[in-house]
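One structure is given here, and the rest of the page talks about it.
The values are calculated or read from the model by the stated rules, or taken from the named source; none is laboratory data. None of the values given here were measured: they were computed from a predicted structure. Here the Cβ positions follow ideal geometry from the backbone for every residue, glycine too, while neighbour counts run over all protein chains shown.
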Amino acid sequence: MKKMLFLSFVLSPLALFASSDVQTDILPRTVNFLIFGAIIYYLLADKLKEFFTGRTASIQAELDEVQATLEESEKKVQDAKAELEKAKLVAQELVSDAQGDIDSIKNKISTSCESDIAYLEKSFNEKTELEAKKAKKAIVNEVLEELFNDSDVAMSQENLSKVILKKAA
């Protein structure tokens, strides 16, 4: 590579001035140019190598840093996806647990309501029977008081039962 560069420096003046018929001092100029190129190369070669090596190293460091950041970001994305999947599973479990709790509560409320309704019906029937008995007693007492207070009426046992049955009905 260096030889190609060197040859291009050496031959470029020859190629540029080869077609002219004018006699010039091409050989001394070429030698001077080669000496100048060698001096420039001698003075600047190490500095250029250091500059480009440093530049390459800094670019590589930045690239490594970006690569590390990219890998870290990808890891965070994977972690976030895993957390999302866990959250979805937890949400599904919560929904199914809530559905089971809802069914359980519905059954408890239903059985509680049924037992309350049965208790109220039983209580109503008992109170109805009690009131019917009270009403019958009151009627019987009323009829008996009328009969006992009325001395004009002399009744037989059979007539007395008929009167009581009529009042009770």
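I'd like the full set of residues that are aliphatic (A, V, I, L, M) and at pLDDT below 70, limited to the range 148-169.
If the condition is that a residue be aliphatic (A, V, I, L, M) and at pLDDT below 70, then 153, 154, 155, 160, 168, 169 are the ones that fit.
Of the residues 87, 80, 135, only one is part of a helix (DSSP H, G or I) and closer than 30 Å to residue 161 by Cβ; which?
Step by step, each of 87, 80, 135 is checked, and only 135 is part of a helix (DSSP H, G or I) and closer than 30 Å to residue 161 by Cβ.
Write out, first by first residue and then by second, each pair whose Cβ atoms fall under 8 Å of each other, whose residues are 6+ apart or on separate chains, and whose first residue, in the range 114-134, is in contact (Cβ under 8 Å) with a residue 60 or more places away in the chain while the second is surrounded by 10 or more Cβ atoms within 10 Å (Cβ to Cβ).
none
Report, by residue number, each residue of the range 96-150 that is more than 60 Å from the chain's Cα centre (by Cα) and of a type outside the set (D, E, K, R).
Once the filter is applied, which keeps residues that are more than 60 Å from the chain's Cα centre (by Cα) and of a type outside the set (D, E, K, R), the range 96-150 yields 130, 132, 135, 138, 139, 140, 141, 143, 144, 147, 148, 149.
Please verify whether residue 104 is out of contact with any Gly (no Cβ under 6 Å at 6 or more places or on another chain), among the small types (Gly, Ala, Ser), surrounded by 10 or more Cβ atoms within 10 Å (Cβ to Cβ) and over 30 Å from residue 165 (Cα atoms), treating the condition exactly as stated.
yes
Between 13, 28, which is surrounded by fewer than 10 Cβ atoms within 10 Å (Cβ to Cβ), part of a helix (DSSP H, G or I) and modelled with pLDDT under 90? Before the answer, list the steps.
Numbers: 13 fails: surrounded by fewer than 10 Cβ atoms within 10 Å (Cβ to Cβ).
Residue meeting the stated conditions: 28.
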